[in-house]
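Asks: Take this structure, written in structure tokens, and hold onto it; I'll ask about it next.
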Amino acid sequence: MSTTIQVRVDDELKSAADTLYASMGFDTSTAIRMFLTASLQENGIPFALKRRLNAETLEAMEDVRLRRNLHGPYDTVREAMEALESDDA
């Protein structure tokens with residue numbers, strides 16, 4: 001038995017993928033089946049997913065690591081929220 005999966009993608013993405021996979025000797029449907037099969041074999045996404053951090057986030061992480069530019073501690077959530085709200089002003 002076979003089923004159909006429909007996925008909406010940008011026309012340019014589909015065209016570029018079709019061209020790429022054709023140059024490798026197969027079609028996009030085969031590439032998608034390969035992805036699904038590899039996902040099952042890996043028990044997850046079959047490639048590494050990485051989040052790119054922006055400069056502001058990296059700087060904040062470095063501040064925490066070096067224990068600089070920290071505020072608090074706060075005794076209550078209300079105190080922390082008031083501090084956050086006053087910092088935005």
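Asks: In whole Å, what are the extents of region 1-61 along the principal axes defined by its C-alpha atoms, from largest to smallest?
Replies: 51, 30, 22
Asks: Next up: If you consider only alpha-carbon coordinates, what radius of gyration and Dmax does region 40-84 have, in Å?
Replies: Just the Cα atoms of region 40-84 yield Rg and Dmax of 17.7, 50 Å.
Values in this text are rule-based calculations from the coordinates and carry no lab data. Source: prediction; values computed, not measured.
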